[in-house]
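Step one of this worksheet: look at the structure below.
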There are 4 protein chains.
Amino acid sequence: MHVGPAGGMNVASVHRIITTDPADTSGLLDAVEQGLDPSRVIAVVGKTEGNGCVNDFTRGMAATAWQAALPVPVIAVMSGGTEGVLSPHVTVIAEEDEDDRHPAGALVVAAARTMTIAADMLGQRAHAEAVASTVRQLRASTGIGTEDVHFVVVKCPLRTLGGDTYTSMAASRAASALGVARALDEIDDDELARGLAGDTDVHSGVASASAGVEVDCCEIVLLGHHPDAHGPLRASHVVMRDALDIHPVQRMLTDIEAAGGRLLHLFAKAEADPTSTIRGRRHTMLTDSDIHSTRHARAALGGVLAALSGETAIYVSGGAEHQGPAGGGPVTAIWRLPD
Amino acid sequence: MHVGPAGGMNVASVHRIITTDPADTSGLLDAVEQGLDPSRVIAVVGKTEGNGCVNDFTRGMAATAWQAALPVPVIAVMSGGTEGVLSPHVTVIAEEDEDDRHPAGALVVAAARTMTIAADMLGQRAHAEAVASTVRQLRASTGIGTEDVHFVVVKCPLRTLGGDTYTSMAASRAASALGVARALDEIDDDELARGLAGDTDVHSGVASASAGVEVDCCEIVLLGHHPDAHGPLRASHVVMRDALDIHPVQRMLTDIEAAGGRLLHLFAKAEADPTSTIRGRRHTMLTDSDIHSTRHARAALGGVLAALSGETAIYVSGGAEHQGPAGGGPVTAIWRLPD
Amino acid sequence: MHVGPAGGMNVASVHRIITTDPADTSGLLDAVEQGLDPSRVIAVVGKTEGNGCVNDFTRGMAATAWQAALPVPVIAVMSGGTEGVLSPHVTVIAEEDEDDRHPAGALVVAAARTMTIAADMLGQRAHAEAVASTVRQLRASTGIGTEDVHFVVVKCPLRTLGGDTYTSMAASRAASALGVARALDEIDDDELARGLAGDTDVHSGVASASAGVEVDCCEIVLLGHHPDAHGPLRASHVVMRDALDIHPVQRMLTDIEAAGGRLLHLFAKAEADPTSTIRGRRHTMLTDSDIHSTRHARAALGGVLAALSGETAIYVSGGAEHQGPAGGGPVTAIWRLPD
Amino acid sequence: MHVGPAGGMNVASVHRIITTDPADTSGLLDAVEQGLDPSRVIAVVGKTEGNGCVNDFTRGMAATAWQAALPVPVIAVMSGGTEGVLSPHVTVIAEEDEDDRHPAGALVVAAARTMTIAADMLGQRAHAEAVASTVRQLRASTGIGTEDVHFVVVKCPLRTLGGDTYTSMAASRAASALGVARALDEIDDDELARGLAGDTDVHSGVASASAGVEVDCCEIVLLGHHPDAHGPLRASHVVMRDALDIHPVQRMLTDIEAAGGRLLHLFAKAEADPTSTIRGRRHTMLTDSDIHSTRHARAALGGVLAALSGETAIYVSGGAEHQGPAGGGPVTAIWRLPD
């Protein structure tokens, strides 16, 4: 995946496209004019304006539209819910030739699917191990060190029949995140077992998992730095310990600015703290029977990150089981070096 | 209202009480232990965990509970909706004797009711003028200059029958805010007329209006600095031009900290930008038929202000018509001088 | 409970009072003018206009208001949710002297509380047995045969902390209904065990359970015919096998009419069929993340029963676990003999 | 439109297809096996499982999927919202050769589009007249008398920008229904004017209008009896004066049964009574800020009609402005003569 048409290595490009409705792909044209080669797109990762919960058909609409708009099969990770100030958009992640005018250590991308996650595997150890195995292969094939991985997004399946679908979505995200954490040696086998058993302290700092009816396997996109690849893009990541924990994010943004960088995109996970409190204060997200807690959490964290970055077209996805600590979550910034 | 039992002037005290449900007043005991004289309470201003929209009965529950818990009649301004990270609480605003150990220029409070706002006055010029007249009387009786007023909260009526109740809530808030702005010379008669005609540029920087079925007049609480009163509390206010406009808030918080002050509370207004965009990006708050836009807006701005201040028990109220510019809103900080 | 002030037996009276908001008890005056003795009220059973789910405070508001309005302590079973055509109301169930001008076999009422249901008992066998024990005592003390019981309404507790509150509500209703069924010999010990283990075929034909944060025990009201009591009221009940099963209801209403009776009230339970189908057709109540399935179910069954009876102020309560077969539920009619 | 390939007249066929999700067209195959000629489909009229309000993308998904699945352009009227017991489905209305083995007076179908309804026409007289003109042309071209028309379904546009979109949906449905009523001489010019001015007594007994972002003109499908066409299908219609008014529906179903007919489908309109009362009792559909009133109304009437007909895959559409009297609505049955 990393030797390009011109003989050099491939590096990642990231184009953010604003959408006017879930099936809108018209912005692709602009991206192509800015240099995107649609035949080299690896993944599209987007936010659609549905409820982000079980009966959100906007994810499928968007995935179908983007698959149709692109000349090659891609991995489409669509996350529903643009509550509050968030703005619907799609990020197109592609490969392009490396460019020696830029320093080495550039952002590269790799993507793959796991085997089918059978209904009785969902949320279980076998599910986590399938994810871990695929993440390891992606790393091996691209030559990225574990500590150079900054973002691993997983689209994972859910069950709609026979039981609580929310629970199924949460379990699927949990096993996926734990699989990522295991593959990157963020946790050991023992911690994996504890995480699967419900210990919310066990977590990944770079995983981002979304569940949807559109898939029956896990689709995985990995972004990291390759020591030998030359290119203009970089990624950074931090972990918020709760929704108010803005200092790591502020530091990351300040560091990017200090390096002369230009922020291209933010990817983050949000969740209502499962203890029903934040810093000792009660929140009401988990007892609101009119609005699902994931919608509350995206609205709140979306406001926080949009205010810090000045940008509302950012990826804030709900349900952060084992993606950061309980009530918190990872935030990844994609940015561009100065020319 | 400003000559206290001890012969000196009265100054304002502010106690924030965390609540476990809309009718919970048990925290009053702690406040009394900390020095609150319940017989000198002027107003309670709180956030309850209902939907903050038409059928939110938690506002009335809370108002009834606090009226019953206090030995004197008070003005109860209850605002529904603690979306996202926001935490239900009540702020008890009382009078206490001034204290010469503190510098002059202390925070004082005054409160009054307008005449009944008849159904055909609601949202009209007569409504705004009734509010303006009462605000002027409050200022006159307390001797606070227009520029020393930092917060005017108005509880105003709505209509539930015959038509769109949301529209009625918005019109009532609008006329109330414009009345405050006129009384404080933030706007002139011409601007008042334009505001009532729908010009969203015309606004107050200190008004905060909430509509509820519980009242048939406007109940008004004014907080400002009196040049001659000695006491430990101060207020500051800024206006956010949109939900991302955090710099004025950051500066205000930094200034308070630089003065050695301790933040006691924040009061803010939130609204979905009526143009359906924020800084050129589309938002989806106004087209979401599952969640009212005021709930989205409170969740987002609540996240922003809680993250900046590190506190989730803050007053973020929805529907900011003429309370700050369209899509933005005023933020008032109550803080305490160093001892 | 069954020897009245005049020496004869007590019989039940039922007054339906229309309410204008959850705390409205003003209709009590009319009921008193129609002969209700407020000091002999046993229970109030009502529908309030909240969401009927976890954060529905209108139930507590109504219960508090009715307890305050009545001169004696009563059992208040408030069920939230008047979706669709349903109309908020309260049914006041009281005792009055028997009246020999009417035939024997009159409706009588009895009520009691179980011991406290500890958190770890909730939804378990001990919970069901506590209910069964209290129902047996009520029957014994009143001398009503098992087959003469037509309605047993149970207000049962729920847990709001640590886990899925919906699940807790459902488990509490389930154990309560199974306890009623066991006490009335509708099921045997073996079936009780199967029911507690999740077999939805095991059910009561007369139980109606509502969960709420307002109680920490089960409050139980039983209505049945006493062979020796003379009075004008009667009850009938049928079981709908699904929400479309109107023939039993139509027959019951026709029989009442044929007897010259006048329908006073209907009590019914509604639920979304847990198989996600009704008569082989898919329904979408369980996958709708914007509206809880109990709200859908009340709206639909409320429409059906209001249309059949011509009355919208009827009691349709959501969550019919083991109250009728899965997807169905019991319907009890209270009616008055011709004079 | 009415001379078929075989030289005789065309008559209407109606196939109801159950769907598993908004984009599911797989049931078309079965319909074709049962005799449907996909190249002769005129219209698809369906219910999808979105919220039926402004941000319901399932309507567009379904319309796109059916346009793609059929070999000819068709009119797709998709109505969102399968609340309560209602089941998602699509009714395929096609033409087939008349069949002399059946009596004359068969159901025929005609469909057409109006000119574009410009934004400033929406809901105005020009909108109603455009609909009326097209309905008159449909009648003239097919030779159906005004009294032989039993169903006219109109898909009409809405505005999403600049103001209240709900209001825009209602105004669009209103003008469409009034246009149908005028074209069928249900109302005169004077009544049309009164209806457009807001008189809810002015209504059609056969119109069914749905608004959606998918169209910028009105798409109209008319079903009626042609005196000379031989075929097995018939339609009947009644008007419910409110959601409880089941007697006309019961009579219609009894008449069909008495004629040996088999019910194929029901089309109905539902709305919350705008007076906030039904038969003198308060309803809470218009003050519920968590669930839009159209969702309540569909759930309730859907329950009623499903219970009467024993079928949940029926078309119950919300927002019945001038479609039947205020709070009521028309119900059309499609049925098949005995063979």
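The values are calculated or read from the model by the stated rules, or taken from the named source; none is laboratory data. All values reported here derive from a predicted model rather than from experimental measurement. Here the Cβ is made from the backbone with ideal geometry for all residues, glycine too, and neighbour counts use every protein chain on show. When the accessible area is computed, the model is the full protein with side chains, heavy atoms only, and any ligands, DNA or RNA have been set aside. Shrake-Rupley method; radii C 1.70, N 1.55, O 1.52, S 1.80 Å.
Using the beta-carbon distance between D:ASP100 and D:SER141 and R0 = 22 Å, what value does 1/(1 + (r/R0)^6) give for FRET efficiency, to the nearest 0.05?
Working: r = 23 Å, r/R0 = 1.04.
The computed FRET efficiency comes out at 0.45.
Chain B's nearest residue to the axis relating it to C, judged by Cβ and reported with the distance in whole Å, is B:ASP290, 2. For D:ASP216, the distances from its label point to the matching points in the remaining copies are 4.1, 5.1, 6.5 nm, ordered from shortest, with each point set 7 Å beyond Cα toward Cβ. Mean-square fluctuations from a GNM of chain B, with a 10 angstrom spring cutoff on Cα atoms, peak among B:PRO71, B:PRO325, B:PRO157 at B:PRO71.
Scanning residues 5 or more positions from A:THR200 or on other chains, none has an amide H under 5 Å from its amide H, with H placed 1.01 Å from N in the peptide plane. Separation of the alpha carbons by more than 30 angstrom is noted, of A:LYS269/B:LYS269; B:LYS47/C:LYS269; C:LYS269/D:LYS269; B:LYS47/D:LYS47, for B:LYS47/C:LYS269; B:LYS47/D:LYS47.
What whole-number value in cubic angstrom gives the convex hull volume per residue for the C-alpha atoms of region C:232-336? If you can, show how the numbers build up before the last one.
Values: hull volume 8.9 nm³, N = 105.
In region C:232-336, the Cα hull volume divided by residue count equals 85 Å³.
Residues in region A:232-336 average 28 Å² of solvent-accessible surface per residue, probe 1.4 Å, ligands and nucleic acids excluded.
Chains C and B together bury roughly 600 Å² of accessible area, counting both sides, with a 1.4 Å probe on protein heavy atoms only. Mean residue ellipticity, 222 nm, helices only, chain A: the sum of -39500 (n - 2.57) across DSSP H runs of n ≥ 4, divided by residue count and rounded to 500, is -8500 deg cm²/dmol. Please find, in a Gaussian network model of chain C (springs between Cα atoms separated by less than 10 Å), the residue of C:ALA63, C:ALA177, C:ALA270 whose mean-square fluctuation is greatest. Per the Cα network of chain C with a 10 Å cutoff, C:ALA63 tops the list.
As a ratio to 2.2 N^0.38 Å, the alpha-carbon radius of gyration computed for region A:61-161 takes the value 1.30. Taking the centroid of alpha carbons for each part, region D:283-339 and region A:210-267 are 49 Å apart.
Placing a label point 7 Å from the Cα of A:GLN67 along the Cα-to-Cβ direction, the distances to the matching points in the other copies come to 2.0, 5.7, 6.0 nm, shortest first.
Give me the 1.4 Å probe accessible area per residue for region A:38-83, excluding ligands and nucleic acids, in Å². Could you put the intermediate results ahead of the total?
Numbers: 1020 Å² over 46 residues.
That works out to 22 Å² for each residue.
For the protein assembly as shown, give the share of DSSP beta bridges that are antiparallel, in percent and rounded to the nearest 5; count only bridges with both residues there. If you can, show how the numbers build up before the last one.
Values: 192 of 256 bridges.
Expressed as a percentage, antiparallel bridges in the protein assembly as shown total about 75.
Size descriptor for chain A, Kirkwood hydrodynamic radius: 19.6 Å (Cα pairs only, one decimal).
Considering only protein heavy atoms and a 1.4 Å probe, what is the carbon-and-sulfur percentage of the accessible area of chain C? The partial results should precede the final answer.
Numbers: 5600 of 11120 Å².
C and S fraction of accessible area: 50 percent.
Take the alpha carbon gyration tensor of the protein assembly as shown, find the square roots of its eigenvalues, order them as a ≥ b ≥ c, and report rounded if a/c is under 1.5; if not, report prolate when a/b exceeds b/c, else oblate. Cα axes put the protein assembly as shown in the rounded bin. Averaging the Cα positions of each part gives two centres, and for region B:119-143 and region B:79-98 these lie 24 Å apart. Take the convex hull of the alpha carbons in region A:114-179; its mean projected area over all directions comes to 4.5 nm².
If DNA, RNA and ligands are ignored and the probe is 1.4 Å, what is the ranking of D:THR134, C:THR277, B:THR275 by accessible area, most exposed first?
On the way: D:THR134 10, C:THR277 50, B:THR275 90 Å².
From most accessible down to least: B:THR275, C:THR277, D:THR134.
What percent do you get for the relative contact order of region D:232-336 when only Cα pairs under 8 Å and 6+ apart count? All intermediate terms of the calculation are to be shown ahead of the outcome.
Values: 188 pairs, mean separation 51.3, N = 105.
Once normalised by length, the contact order is 49 percent.
Charge dipole (Cα centre; +1 on Lys/Arg Cβ, -1 on Asp/Glu Cβ; no other charges) of region D:232-336 amounts to roughly 200 debye.
Efficiency by 1/(1 + (r/R0)^6): what FRET value for B:VAL72 and B:THR167, r their Cβ-Cβ distance, R0 = 45 Å, to the nearest 0.05?
Details: r = 36 Å, r/R0 = 0.79.
The pair B:VAL72/B:THR167 has a calculated efficiency of 0.80.
The accessible area of C:TYR166, taken with all protein chains in place and a 1.4 Å probe, comes to roughly 70 Å².
Sorting C:ASP30, C:ASP56 by accessible area puts them as C:ASP30, C:ASP56; the probe is 1.4 Å, largest comes first, and only protein heavy atoms count.
With its label point defined 7 Å out from Cα along the Cα-to-Cβ axis, C:GLY105 lies at 4.9, 8.7, 9.2 nm from the matching points of the other copies, in increasing order.
Take each residue of peptide D:255-265, count the partner chain Cβ atoms within 10 Å of its Cβ, and average: the result is 0.
Exposure check, 1.4 Å probe, all protein chains in place: B:GLU257 carries approximately 140 Å² of accessible surface. Convex hull of alpha carbon positions in region B:20-93: directionally averaged projected area 4.7 nm². Does region C:1-137 come out rounded, prolate or oblate, given a ≥ b ≥ c as the square roots of the eigenvalues of its C-alpha gyration tensor, rounded meaning a/c under 1.5 and, failing that, prolate meaning a/b above b/c? Here region C:1-137 falls in the oblate category. Comparing A:ALA259, A:ALA235, A:ALA130 in a Gaussian network model of chain A where C-alpha atoms under 10 Å apart are linked, the largest mean-square fluctuation is found at A:ALA259.
Dividing the mean sequence gap of close Cα pairs (under 8 Å, 6+ apart) by how many residues chain D holds gives a relative contact order of 22 percent. As a rough guide to protection, the peptides A:188-197, D:94-103, B:102-111 ranked by mean Cβ packing within 10 Å, highest first, stand as B:102-111, D:94-103, A:188-197.
Quick check of the Kirkwood formula: for region A:130-254, what is the inverse mean of 1/r over all pairs of different Cα atoms, in Å?
Numbers: mean 1/r = 0.0639 Å⁻¹.
Taking every pair of different Cα atoms in region A:130-254, averaging 1/r and inverting gives 15.6 Å.
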